[in-house]
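Asker: Mind looking over this structure? Questions follow.
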């Protein structure tokens, strides 16, 4: 049995249905390519964590050419219902359950491994995002209705979650703050970090180069 199950949350990277806040700046097709690249990088990163197995938690099944990993369908309901269902399923397979979105550029095996280590001494771990949410959530136990009354996709999502943890006696720790790639401003930050070699995201780097956002010099 693996020590942790890493659950990558994703939806089909289809034009017009994904990265809709980014699409006005780069087009719907390119936004979908960015989403696909982010997902590919997240999968590669998760598979490099030696103590973990990897599953894809999806809103609906879709083809992922060249990939072989379990695909779990999410139930109907808000994000809290879907997270709780997925992580409960993961905790049946392993000691710890880790949820990450397919929106986080530059996620590293070290970040995931740090989350697993922190779960050795607490009930939950959160990776705060700059927009008020979180890019990672890890649990070693999941009380019923743990994510009830959380304002999702809101600047208070993290605060609501911490308040809920405190209400239910779930001890938590925090990882360093990071960001998701959702907006043109996030794309500008991503471009800078890739150009400065301060972030590694091979699939994303290749896509951004192909659509002219990164120059030849930045990928040499």
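Asker: How many residues are assigned to a loop (DSSP other than H, G, I, E, B) and under 16 Å from the mean Cα position of the chain (by Cα) when one looks only at the stretch 35-74?
Answerer: Total satisfying the criteria: 4.
Asker: If you go through the stretch 9-23, how many residues are touching a residue at least 12 places away in the same chain (Cβ under 8 Å) and part of a helix (DSSP H, G or I)?
Answerer: Matching residues across the stretch 9-23 total 0.
Asker: Would you check which residues across the stretch 25-34 are without any contact (Cβ under 8 Å) to a residue 24 or more places away in the chain and either farther than 17 Å from residue 212 by Cβ or part of a helix (DSSP H, G or I) (or both) and list them?
Answerer: Residues satisfying the conditions are 28, 29, 31, 32.
Asker: In the stretch 169-181, what residues are surrounded by fewer than 18 Cβ atoms within 10 Å (Cβ to Cβ), on the phi < 0 side of the Ramachandran plot and assigned to a loop (DSSP other than H, G, I, E, B)?
Answerer: 171, 176, 177
Asker: Continuing with this model, one more query. How many of the residues making up the stretch 28-40 are closer than 25 Å to residue 113 by Cβ and surrounded by fewer than 23 Cβ atoms within 10 Å (Cβ to Cβ)?
Answerer: 1
Asker: Could you check how many residues of the stretch 183-198 are modelled with pLDDT under 95 and closer than 19 Å to residue 102 by Cβ?
Answerer: Summing the residues that are modelled with pLDDT under 95 and closer than 19 Å to residue 102 by Cβ in the stretch 183-198 gives 0.
Asker: Go through the stretch 116-168 and give me each residue that's in a helix (DSSP H, G or I), touching a residue at least 12 places away in the same chain (Cβ under 8 Å) and under 19 Å from the mean Cα position of the chain (by Cα).
Answerer: The answer is 116, 118, 157, 158, 159, 161, 162.
Asker: Test of understanding: among 57, 53, which residue is in contact with a helix residue (DSSP H, G or I) (Cβ under 8 Å, 6 or more places away or on another chain) and surrounded by 13 or more Cβ atoms within 10 Å (Cβ to Cβ)?
Answerer: Only one candidate passes the filter, namely 57.
The values are calculated or read from the model by the stated rules, or taken from the named source; none is laboratory data. Note that the coordinates shown come from a computational prediction; the quantities given were computed from them, not determined experimentally. Heads up, the Cβs are rebuilt from the backbone with ideal geometry, glycines too, and the neighbour counts pull from every protein chain shown.
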